[in-house]
Amino acid sequence: MALEGQLTDFNLAEILQLLASQQKSGFLNLETNRNMVFIFDKGVLISTRDRRSRSRDPLESFLRAYGFFNEQQWKHVEYVGKNSSLDLTEILISEGLMDEIEIDRVLKSLAQEMAHAGMKMHRGRYHFSPTKDTPPGVKWRYNLDVQALLMEAVRRLDEEALLKDYLPSQAITFKQGSRVLDPDELTESGRHIMEMALAGLPLGRIIRQGKTESFIARDMLKTWCEKDILELVQPGTDDEDSSNRGERFKFKLKSGLRSLPMTILAVLVIGTLGWLRWTASPPAGGNPGESLRRAQIRSEVVTAARLYRYQKGEWPASLSEMVRSGQLTPSVLITVDDLGWQYTLNRKQDKFTFGS
Amino acid sequence: MKVSNHYLWLALAIACLGIVTGEAAANSAPLDTLMEYGAESEDLDPRYAGAEFDTSRKRLPEAQATTIEKSRSPRMPPRLDDPMAGAYSFHLARQAALSDNPDGVKKNLEAAIAASPGHPRYQWWQTVQALKSMDSATLFRVLPTSVRALLNSPVGRGHFIVAWHQGATLLNGFFWTVLVSGLYLAWWRKMAHDMGATILKDPKHQPRFLLPLLMPVILIMFKPGWFGFLAIMSIPVLVHARGKVRYLLLATWVMALALVFPGWPVLRSAVPTIDPTSEVTLLDRACTLPPSGGIIRELKNRIATSEDQDRTNRLTVALAIQEARRGKYQESNRLFGKVLETEPTNFPAMIGVANNTYYRGRMDSAAKGYSEIALVHPDRGEASYNLAQVYFKKLFVPEATEAMDKARSLGFIPAFSTKSSHRRKGYAAVVYPPLTNQAMNEACSYEAQNYPPMVILSSWRHQLGSPPLPLYILVGAPLLLALFLIMWWNKQNDPTECENCGIPLCHDCCKVHDGAWLCAGCGETAERSRSDMVLGTLLKNRSREQGMALGHRVIQVGRLLPGAGHLATGHFRAAFIRLSILAAGLFLLFAGWAFDMGSDWSSPGLMLPGETLHPMWLPMPAAMWPGWSGSSVLLGAGLIALSWIIALLDGPGLRRGIPDRYSLTPNTASRETLPGAGIATR
């Protein structure tokens, strides 16, 4: 029997504790403004990614949100994902974009962040679908203790307000403080954030490109500022915004043609040829076979008259009589009428005339 | 006086007679009268005795061997054949055919052929009737005769050549149409790729499937005519096609060019034979028909204006035959003699002179003449036949029989018309042979230049081409251009399909990976992929996807036009068979009913606009339309339906015929040389 209810009755922390204490296995779905999944195996959190779900992969959202890869790398990942049935983690590993340790760290960070976000939610539904054994279809499982997860999440909840007070604006920049920190003392993420801070990037950008969670990045920066390693620079004139504004109104003229001049030239040539064809070409002239055909028709009529005479001993009185007797076909009679030819019999002289 | 012994015995015999017939002696005996007249002659040598009756050599007719009095010559020579009876019987046969009376057809046709055995039109119409009625026995019997009649008669052959040329032009046009259409459908994807690459800026050269319609639409606006349209549309197809398909298209195109080329002597020489007012027709009539004042008048006019000796001889022979048939043997001989002065071995003139001699009663001269002719022209049976008639007249039966046998052995079969009079005034009919094949051929060649080129296709000039541009230029110039492009374009041997997925590629969009030519998509995959697994999976998936799409497309194309699917998959023979069936069906449906081998003059390519079904869309003779139940129409529709039924059933076979695509995985394609851009690969 599934466990379900409203978050107003049971919050995430209580649910997670319950599942962990009862060593349950299954899928915990949270339906809020942001759907989440927590996958458990015997009370241990093993993943927050449900491949059956149609919603966006949280790992991908996490990686995109914190600038882990550039646009080109994402295009490649999308390309590979579109043309294969590989999981994102498999693609990242096989394409050398991340190693296993990094993936593991990122996934745990993701789980942490999701727990942190989930604990802030008070409205929504939860639904736990238990499984008998290890939940199937989990790509890249890890083992994360729920208690530690919750402890960290609570800590973040407490300290988040302080961070917001210390760093209220995303336009805040930093500069070198009085103290200089040895880079060896920093983790890779710390080095990366320090570089960006010292480069004068605003807070918002540092967070978006920090390759770590927002809380961690802010926490680092706050800590460095408190230790005078960095110095806060409050946002002043927003020159960056004004320079960006100009670009928005740049009129983009892009031609889809390979070569616009050649295309125009080709259209002109075709148009000219067409004009020449219909206006400048000499007239077709009359039917070259008309006189020959007329001679044939005349001969057919004369031959028919001769056959009539052979049969009946006299010339026919009219062409219609030949048609009635069968020596001449009606179509020839019609053609003769169209040509305006006349058949006249001269009985006295026992001859006929035929023609126009 | 000395009296010889034998006269003494004569006197004694007479004395005895006087004793025996004592009583009779009382009456007056005839011998007495004789005796009265002969008494004075007893003294004369009987060898020198004068005539016993008043006679003189002058009173005797001039005796030149076997002769008959001139007054006994026939006023007009008899004939074996009867052209008018033949024409009338043939007319009755055609009437019987129209009313579906096979017995009437057979009876009248036999009478027509008997009356005019060498008439090629009767022979061929009999063959066609046998073919239509599936009478194989008659067909095999008459076909050799028909062929022989055609070969022997330039006039009959001309009509056949005209009909054959028109039919071949249409049939070739239909086949060319279905072939080009099939190749276009088979190459549609490649055309879409190439045109998209040429016109649009797209590094991947995604195919724009409507672009290939651009070319035919633009061409139609120029109104190039049927053959002009096919010729221009064939240029890219010929350049891109490979192997047997290319040769087939080239052969069809060259055949079309040959058919529209106006300079063929055989074709040009055939035109005068379908002109009733031509000199060829006049000569034919003069040699075969009964005498006519109009014919004689016309011949004389033409002789008066002729400046060519050969032409004058032909006209003179024809005139001489007419005069002979009128009974004017002397005038006829004079004319024949004029011809023989310049052509001593002119066969009809030699026979004509001998015939006239025969009818004038000079048997031995005639016989001598025929014998000489038989030596000069040993392969002609007419001389032996005529000689036999002379021998029969002289009651030399064995000689006559021998001559008849010889005539038969030379293949001469005399006509036999029941309606003509074979004897007149005791004279049997002899044959006046018409002008020889060679003479008639020369007449045809002489007159051929008087007619405009391709006049026999004048009804279709707007449909086939674009006047005033000559048709052979409209067909030939694009052919030359296509051949030039083939020779100039050195990238022809470059691969045209992606070696992984099979979609079209070109020099601009292709990528080379491990020696394999890949399309933009597969090439990008190959470049991006850093692992073998992903590369293999992606390429395999793409290959399968494109392969399935190709199969689906090929089947659709094959159902749209029979044979097109086989062209797309390279099955030449199957494609050729299907296209041929379709083309034959179209020909029979639209044009097969328009040909009448028994017609005097008519041919479907030479009609006035008012005689056609529609002068623009269907310029075929309206009088020949048999209705939808006509055999040609039904057969054509049946063939077309058959071709489409085969196309519908072809699906599984076509799919099986598409080769399985292999996926290009790294380290599999090991080529020694990497094909460079534009370098021909093998």
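General observations
- Residue within region A:29-52 that is in contact (Cβ under 8 Å) with a residue 24 or more places away in the chain and within 24 Å of residue A:196 (Cβ to Cβ) present: no
- Residues of region A:311-328 classified as facing chain B (nearest Cβ under 7 Å) and surrounded by fewer than 16 Cβ atoms within 10 Å (Cβ to Cβ), total: 1
- Number of residues in region B:510-537 that are within 12 Å of another protein chain (Cβ to nearest Cβ) and out of contact with any strand residue (DSSP E or B) (no Cβ under 9 Å at 6 or more places or on another chain) equals 11.
- Selection of region B:185-207 for residues being within 13 Å of another protein chain (Cβ to nearest Cβ) and either aromatic (Phe, Trp, Tyr) or assigned to a strand (DSSP E or B) (or both) yields only B:200.
- Any hit, region B:161-177, residues being in contact with a Pro (Cβ under 8 Å, 6 or more places away or on another chain) and away from chain A (no Cβ under 14 Å): no
- Just one of the listed residues (A:187, A:237) is at pLDDT below 90 and under 25 Å from residue A:70 (Cβ atoms), namely A:187.
- Qualifying residue in region B:484-501 (condition: under 33 Å from the mean Cα position of the chain (by Cα) and aliphatic (A, V, I, L, M)): no
- Neighbours by Cβ (under 7 Å, 6+ apart or cross-chain): first from region B:459-471, away from chain A (no Cβ under 12 Å); second acidic (Asp, Glu) and assigned to a loop (DSSP other than H, G, I, E, B): none
- Total residues in region B:579-624, condition within 13 Å of another protein chain (Cβ to nearest Cβ), part of a helix (DSSP H, G or I) and touching a Leu at 6+ places or on another chain (Cβ under 7 Å): 1
- Within region A:278-305, being at the interface with chain B (Cβ under 9 Å from one of its Cβ atoms) and touching a strand residue (DSSP E or B) at 6+ places or on another chain (Cβ under 9 Å) holds for A:298, A:302.
- All conditions but one from (1) over 25 Å from residue B:119 (Cα atoms); (2) surrounded by fewer than 22 Cβ atoms within 10 Å (Cβ to Cβ); (3) in contact with a helix residue (DSSP H, G or I) (Cβ under 7 Å, 6 or more places away or on another chain); (4) of a type outside the set (S, T, N, Q) apply to residue B:298; the one that does not is (1).
- Among the conditions (1) part of a helix (DSSP H, G or I); (2) in contact (Cβ under 8 Å) with a residue 40 or more places away in the chain, the only one that residue A:5 does not satisfy is (1).
- Of all residues making up region B:378-416, the number that are part of a helix (DSSP H, G or I) and farther than 19 Å from residue B:148 by Cα: 21
- Any chance residue B:151 is surrounded by fewer than 18 Cβ atoms within 10 Å (Cβ to Cβ), assigned to a helix (DSSP H, G or I) and more than 14 Å from chain A (Cβ to nearest Cβ): yes
- Residue within region A:205-225 that is small (Gly, Ala, Ser), surrounded by fewer than 16 Cβ atoms within 10 Å (Cβ to Cβ) and at pLDDT 90 or above present: no
- Pairs where the first residue, in region B:562-587, is touching a residue at least 24 places away in the same chain (Cβ under 8 Å) and the second is assigned to a helix (DSSP H, G or I) and among the polar types (S, T, N, Q), C-beta under 7 Å, 6+ apart: B:562/B:643; B:578/B:643; B:581/B:643; B:582/B:643; B:585/B:643
- Condition check for residue B:475: in contact (Cβ under 8 Å) with a residue 24 or more places away in the chain, more than 13 Å from every other protein chain (Cβ to nearest Cβ) and assigned to a loop (DSSP other than H, G, I, E, B): no
- Restricting attention to region A:296-321, the residues being in contact with a helix residue (DSSP H, G or I) (Cβ under 9 Å, 6 or more places away or on another chain), without any contact (Cβ under 8 Å) to a residue 40 or more places away in the chain, small (Gly, Ala, Ser) and within 17 Å of residue B:91 (Cβ to Cβ) number 2.
- Filtered residues of region A:254-277 (kept if at the interface with chain B (Cβ under 8 Å from one of its Cβ atoms) and part of a helix (DSSP H, G or I)): A:263, A:270, A:273, A:274, A:277
- Just so you know, in region B:364-419 the residues that are in contact (Cβ under 8 Å) with a residue 60 or more places away in the chain and surrounded by 17 or more Cβ atoms within 10 Å (Cβ to Cβ) include one that is farthest from the chain's Cα centre (by Cα), and it is B:365.
- Looking across region A:324-349, the residues that are at pLDDT 90 or above and assigned to a loop (DSSP other than H, G, I, E, B) come down to A:340, A:341.
- Hey, residue B:291 touching a residue at least 24 places away in the same chain (Cβ under 8 Å) and closer than 22 Å to residue B:168 by Cβ or not: no
- Selection of region B:488-547 for residues being more than 29 Å from residue B:239 (Cβ to Cβ), crowded, with 17+ Cβ neighbours inside 10 Å and touching a residue at least 12 places away in the same chain (Cβ under 8 Å) yields B:525, B:526, B:535, B:536, B:538, B:539, B:540.
Yes or no, residue by residue, for (1) surrounded by fewer than 23 Cβ atoms within 10 Å (Cβ to Cβ); (2) within 24 Å of residue B:192 (Cα to Cα):
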position: B:226; (1), (2): yes, yes
position: B:235; (1), (2): yes, yes
position: B:244; (1), (2): yes, yes
position: B:266; (1), (2): yes, no
position: B:269; (1), (2): no, no
position: B:309; (1), (2): yes, no
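- Only one of B:144, B:236 that is free of Cβ contacts under 8 Å to residues at least 12 places away in the same chain and part of a helix (DSSP H, G or I): B:144
- Within region A:94-124, tally of residues that are within 14 Å of chain B (Cβ to nearest Cβ) and either over 26 Å from residue A:72 (Cβ atoms) or in contact with a His (Cβ under 6 Å, 6 or more places away or on another chain) (or both): 0
The values are calculated or read from the model by the stated rules, or taken from the named source; none is laboratory data. None of these values were measured; they are calculated from a predicted model. Cβ atoms come from the backbone with ideal geometry, glycine included; neighbour counts cover every protein chain shown.
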